[in-house]
Amino acid sequence: MDTPEQAGSTSPFGSYSPVNADTPATPPSVLFDNDLNILLRNFALNDQYILVTGGLGFIGSHTTLELLKANYNVIVIDDLSNSFDTVFHRVKDLASKYHDENGTCMPSLKIHSHDYKDMNAMRTLLEQYKLPSLWGSPKSKIAGVVHFAAHKAVEESIKKPLKYYTNNVSGLIDFVGILGEFGIKTFIFSSSATVYGTLANRGVPLKEELCVHREGLLKDENGLEKLVESGCTGITNPYGRTKWMCEAILADLAFSDPEWTIVALRYFNPIGCDPSGLLGEDPKGIPTNLLPVVVKVMTGQYEELKMFGTDWDTEDGTAIRDFIHVTDLARGHIAALSTANEGRLRENFRSFNLGTGRGSSVLEVVKAMENVSGKPIARKAVGRRAGDVGSCVAVAARSNDELQWATEKTLTDACADICNFLRVSAVTA
Ligand code: UD1
């Protein structure tokens, strides 16, 4: 991860170059230079904020925590529609503990519990962070936005498409409109591997260049370049389409105005939780994702796990996904923010896969959880779920190279952390 400390060591302040070649150079103090870098970086971050919409949700809360650990001041907006206010206090306590242990200062954490679509509330909030600017573009203490607030239940999106288009798409248009008015133009968007649609079924490596908003060149496995037209292939549900549409809107916005710097992060399958066991995946509705269902079986709320499809073209017949630990995913946002704010992004709209680059089957996940928890997980093979794909695994090369980010945690880590979350939840219930 590109922490401020690490980022500081590559800053211009870290390199020593004597002004006059005739004057004997004083050898630089590595310790002093590094300390100075950290000081300067922290000073710069002191009065800057990152705005996180949906900051109390599963991925949002983990990202808020990692931002605080990396010394960013954070303003959370969350309407609590799919999260709990206790999460706020837990994030704050975990971040404080981290800074206490490291002898560093806890950055500021603020919460605004309203809908991100409430433009009056947003305007009032953004006014508070406005910086004086007599001429030129408006300026703000908000140095970037990470936008998670969105509906994400696939089944529900099929039944209530307008709810999804209103919240995820119309909401985004108004939101970036008002951010632009206040001169806040660094934007990290929560996208999904769902934008690859049925390309995932074709056995082609899922590279970002396969699914673009402007035509471009793609290098195939043999190093041959071919032209890729803009567009997507076979998105199976309205939720997925909202993610694609939002990416397209943001790409057009970035093209129209070079002041914007926009990153779309395409998540593969986030699982696990903070090792403390204090944050976790706790959806308010009926869970549909694999791990939350496995958890329901482990806690006795469900009799068994229905494994959707055991006839896929995979080694054990169950579907393969790229399961990524949510802490690794959260750190991907920090890498994206520093890349964007340090001007290292190759174009002012760029998409990145956030995945491990390795696939695990549904059965492997269940067995990993059985091994870690020491308990059998009842399961039954049933037919394929409508809209599922057999395999969906990231090519993570672009994020590794350009964001200087890579996953560190394993499937076993994720299972162990979930077991911890269950133990903590049982004690605090
Ligand atoms: C799903 C969404 C995707 C979204 C992602 C967010 C669908 C079709 N896709 O991806 O758009 O971005 O969640 O996390 O819902 N499984 C079972 N039994 C269960 C639940 C799941 O066997 O009770 C299987 C699924 O069939 C699938 C795998 O586990 O093969 C992963 O499923 P899930 O966690 O729902 O994620 P995706 O389907 O990959």
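The values are calculated or read from the model by the stated rules, or taken from the named source; none is laboratory data. Given the structure is predicted, the values throughout are model-derived calculations rather than measurements. Don't worry about glycine lacking a Cβ; one is built from the backbone with ideal geometry, like all the others, and counts go over all protein chains shown. The accessibility values were calculated without ligands, DNA or RNA, using every heavy atom of the protein model including side chains. Shrake-Rupley method; radii C 1.70, N 1.55, O 1.52, S 1.80 Å.
Restricting attention to region 199-230 and to residues that are in contact with a helix residue (DSSP H, G or I) (Cβ under 9 Å, 6 or more places away or on another chain) and acidic (Asp, Glu), the residue that is modelled with the highest pLDDT turns out to be Glu208. The residue list Arg385, Arg379 contains one member that is within 12 Å of the ligand (Cβ to nearest atom), in contact with a Lys or Arg (Cβ under 8 Å, 6 or more places away or on another chain) and open to solvent by 50 Å² or more (accessible area, probe 1.4 Å), which is Arg379.
At least 2 residues being of a type in the set (Val, Ile, Thr) is the threshold, and among the helices (runs of 4 or more DSSP H) wholly inside region 326-404 those reaching it are 326-341, 362-373. A Cβ distance below 7 Å, combined with a sequence gap of six or more or placement on separate chains, defines the contacts here; from region 178-206, residues that are touching a residue at least 60 places away in the same chain (Cβ under 8 Å) reach residues that are open to solvent by 10 Å² or more (accessible area, probe 1.4 Å) and acidic (Asp, Glu) in the pairs Lys185/Glu259. Pairing residues of region 295-316 that are touching a residue at least 40 places away in the same chain (Cβ under 8 Å) with residues that are surrounded by fewer than 16 Cβ atoms within 10 Å (Cβ to Cβ) and among the basic types (Lys, Arg), at Cβ distances under 6 Å and at least 6 apart in sequence or on separate chains, gives Glu304/Lys380; Lys306/Lys380; Phe308/Arg384; Phe308/Arg385; Gly309/Arg384.
A quick yes/no check of all residues on (1) more than 12 Å from the ligand (Cβ to nearest atom); (2) within 25 Å of Pro205 (Cβ to Cβ); (3) assigned to a loop (DSSP other than H, G, I, E, B); (4) in contact with a Leu (Cβ under 8 Å, 6 or more places away or on another chain):
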{"position": "Glu281", "(1), (2), (3), (4)": "no, no, yes, yes"}
{"position": "Gly285", "(1), (2), (3), (4)": "yes, no, yes, no"}
{"position": "Val294", "(1), (2), (3), (4)": "no, no, no, yes"}
{"position": "Tyr302", "(1), (2), (3), (4)": "no, no, yes, no"}
{"position": "Asp313", "(1), (2), (3), (4)": "yes, yes, yes, no"}
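Candidates in region 237-267 are the residues that are among the hydrophobic types (A, V, I, L, M, F, W, C) and open to solvent by 10 Å² or more (accessible area, probe 1.4 Å); of these, the one that is farthest from His62 (Cα to Cα) is Phe255. When Ile320 is tested against (1) crowded, with 20+ Cβ neighbours inside 10 Å; (2) more than 14 Å from the chain's Cα centre (by Cα); (3) more than 16 Å from the ligand (Cβ to nearest atom); (4) of a type outside the set (Lys, Arg), only condition (3) is not met. On the stretch given as region 140-169, residues that are away from the ligand (no atom under 15 Å from the Cβ) and either modelled with pLDDT under 95 or in a helix (DSSP H, G or I) (or both) total 6.
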